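Heads up, the thing below is written out as structure tokens.
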Amino acid sequence: MKTLTCTTPGTFEYSETEKPELKKDHAIIKIKRIGICGTDLHAFEGTQPFFNYPRVLGHELSGELTEADGADGFKIGEAVTFIPYFNCGECIVCRMNKPNCCVKMQVCGVHVDGGMREYLQVPSRTLLHGEGLSYDELALVEPLAIGAHGVRRADIQQGEFVLVIGAGPIGLGTMEFARIAGGNVIALDINDDRLAFCKEKLGVAHTINALSSDVIEQLSKITNGDMPTVVIDATGNQKAINNAINYMAHGARFVLIGLQKGDLIFNHPEFHKRESTLMSSRNANIEDFEHVIRSMKAGLVKPTTYITHQVKFDEVAANFESWLDPKNGVIKAMVRMED
């Protein structure tokens, strides 16, 4: 089967590799769509934490189930996606039913080889039914689940002002699920085109350019002087994360979905006087995936509007670097293995 490997930062190589042989309690998926996410882009740049080369990238995936063992309720030939976080099932958080942050976590396409190939073998317990969604939609379930999990961590209450920093695909999904949870969403980004997308496509009422000199004043005006009680970072940008403390209301919750390599640095008195709550949000659990699928089926979320670029598998290596350039306006690139 044809496989695409990121051999070193900035380098892709196509090769022919062996199709996987079915193992006990595993399933084989014929890959149909591969969504390109920030993790893939950062891996290509060489800036992704917890990463080693060479690596087959790709974990936003959908496809056709071709073989399966121990996959009760699934039928050969059906459209599926899967939860791409392979947990050990034995560590302290697995025993606490938090497999998303397993001590021995193996994320598909990060710690183990992912789906930039024609066939992929995954544990059968990670499979999810397609529920009548398209392959494009199914490939977008995982990034939406990331945002849905962060929103669930935040425990948003009806009517709360929720500031989402970063209007990339993860941030957009976070905004959508913050809205579904009842929050009044405020989008903050440095890209006016992304902010316009938030208004026009997602119906976000309040948008602010982070490069403005009066961000705090704008937030205060929008929130009637209170400031946001939930702040969620979806940038993975050190400066944005460290600065976000200044945007929080007293008693606010700060959820870090974005990940960067450096230190968290903020003024302790500013954090302390607010009695702030700081949380990280890693990956997602099955509850989040199921919530996303239900929301997509109900028409509450239409993530295919995020797809701005589509290429065939043979074109990925030639196009990938261009997706890093903000001038090209990429929100979500989607790779089509076949129709």
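Here are the numbers:
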| item | result |
| --- | --- |
| Per residue Cα convex hull volume in Å³ - calculated over segment 9-71 | 117 Å³ |
| Cα lying deepest toward the dipole's positive end in the chain, options Gly89, Phe161, Cys37, charges on Cβ | Phe161 |
| Most to least accessible of Ser276, Ser134 (protein chains only, probe 1.4 Å) | Ser134, Ser276 |
| For log10 I(q)/I(0) by the Debye sum over Cα atoms at q = 0.10, 0.14, 0.16 Å⁻¹, calculated from these coordinates, the label among (i) -0.64, -1.04, -1.24; (ii) -0.58, -1.13, -1.44; (iii) -0.58, -1.20, -1.61 | (ii) |
| Solvent-accessible area per residue, Å², over the chain with all protein chains present [probe radius 1.4 Å] | 45 Å² |
| Student exercise, segment 166-222 dipole from Lys, Arg, Asp, Glu Cβ charges, in Debye to nearest 20 | 180 debye |
| Residue (of Asn246, Gly63, Gly132) at the positive-pole extreme of the chain, dipole from beta-carbon charges | Asn246 |
| Residues with amide H under 5 Å from that of Ala205, placed H, sequence gap 5 or more | Val185 |
| Accessible-area composition of the chain, carbon plus sulfur, in percent [1.4 Å probe] | 47 percent |
| Segment 147-275: relative contact order in percent, alpha carbon pairs under 8 Å with at least 6 residues between | 24 percent |
| 5 angstrom amide H check on Ser280, placed H, neighbours 5+ away | Leu256 |
| Relative contact order (%) - the chain, alpha-carbon pairs under 8 angstrom, separation at least six | 17 percent |
| Exposure of Arg179 as accessible area (Å², to 10), given a probe of 1.4 Å and all protein chains | 90 Å² |
| Only Lys, Arg (+1) and Asp, Glu (-1) charged, at Cβ; segment 4-141 dipole about Cα centre in debye | 420 debye |
| The chain - mean residue ellipticity at 222 nm from DSSP helices (-39,500 (n - 2.57) per run, n ≥ 4, rounded to 500) | -7000 deg cm²/dmol |
| With Cα atoms, 0 to 90° folded angle of helix 192-202 axis to the chain main axis | 80 degrees |
| Degrees separating the helix 286-297 axis from the principal Cα axis of the chain, which is the longest one | 90 degrees |
| Over 21 Å between alpha carbons, listed pairs Lys75/Lys312; Lys199/Lys312; Lys302/Lys332; Lys32/Lys302; Lys2/Lys312; Lys104/Lys261 | Lys75/Lys312; Lys199/Lys312 |
| With all protein chains modelled, accessible area of Glu78 [1.4 Å, Å²] | 40 Å² |
| Largest to smallest accessible area among Val112, Val311 [probe 1.4 Å] | Val112, Val311 |
| Volume per residue that the Cα convex hull of segment 59-130 spans, once the total is divided by residue count, Å³ | 93 Å³ |
| Of all DSSP beta bridges in the chain, antiparallel share, percent nearest 5 | 55 percent |
| Farthest positive-ward along the chain dipole, Cα basis, beta-carbon charges - from Val335, Gln218, Ala298 | Gln218 |
| 3J(HN,Hα) from dihedral phi, segment 114-123, Karplus parametrisation 6.51/-1.76/1.60, rounded to Hz, x for glycine, proline | x, x, 7, 6, 6, 9, 9, 9, 9, x |
| Charge dipole magnitude, Cβ of K and R +1, D and E -1 - the chain, Cα centre, debye nearest 20 | 580 debye |
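The values are calculated or read from the model by the stated rules, or taken from the named source; none is laboratory data. All values derive from a computational prediction rather than experimental measurement. Using ideal geometry, Cβ is built from the backbone for each residue, glycine included, and neighbour counts are taken over all protein chains shown. Keep in mind that these areas ignore ligands, DNA and RNA; they rest on the heavy atoms of the full protein, side chains included. Shrake-Rupley method; radii C 1.70, N 1.55, O 1.52, S 1.80 Å.
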